[in-house]
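The values are calculated or read from the model by the stated rules, or taken from the named source; none is laboratory data. Remember, predicted model here, so these are calculated numbers, not experimental data. Every residue, glycine among them, receives a Cβ derived from its backbone with ideal geometry; neighbour counts consider all protein chains shown.
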C-alpha cells in the first residue's frame, strides 16, 4: 500500500475509533486490522530507508526521498495517535468498577 493511501486509511480509522462508529479491529477500508496497518507502516519505512540509501549513493532522486520521509513521518504520527487512544481506552476500562 502506498504511503499516502496508508496515511489516509489510518487517519480514517482513527476518526472512526474516536467517533465510535467502527469496531476496534476494523478500519474504514473494510477489514484491515491494526496489525496489518502496522505491518504496512513498517514496510513503508523500509522502502523509505532504501530510497535514502540510494540517494546517498547518488542513484536516487532527492525529491522522492524527501517526499517519502514526509509521508512516513505523517503515517507514523497517525499510528502514534491511534496507539495513544488505545492506551487511554485501556486505562479507562481498568479504572471501571466491577
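Numbers at a glance
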item: Residue 89 modelled with pLDDT under 85, out of contact with any strand residue (DSSP E or B) (no Cβ under 6 Å at 6 or more places or on another chain) and on the phi < 0 side of the Ramachandran plot; result: no
item: Qualifying residue in the range 27-46 (condition: touching a helix residue (DSSP H, G or I) at 6+ places or on another chain (Cβ under 6 Å), part of a helix (DSSP H, G or I), at pLDDT 65 or above and surrounded by fewer than 18 Cβ atoms within 10 Å (Cβ to Cβ)); result: yes
item: Of all residues in the range 60-79 being under 15 Å from residue 50 (Cα atoms) and in contact (Cβ under 8 Å) with a residue 24 or more places away in the chain, the one that is surrounded by the fewest Cβ atoms within 10 Å (Cβ to Cβ); result: 71
item: In the range 37-52, the residues that are within 17 Å of residue 81 (Cα to Cα) and touching a residue at least 40 places away in the same chain (Cβ under 8 Å); result: 37, 38
item: Verdict on residue 13 being touching a helix residue (DSSP H, G or I) at 6+ places or on another chain (Cβ under 9 Å) and modelled with pLDDT of 85 or more; result: no
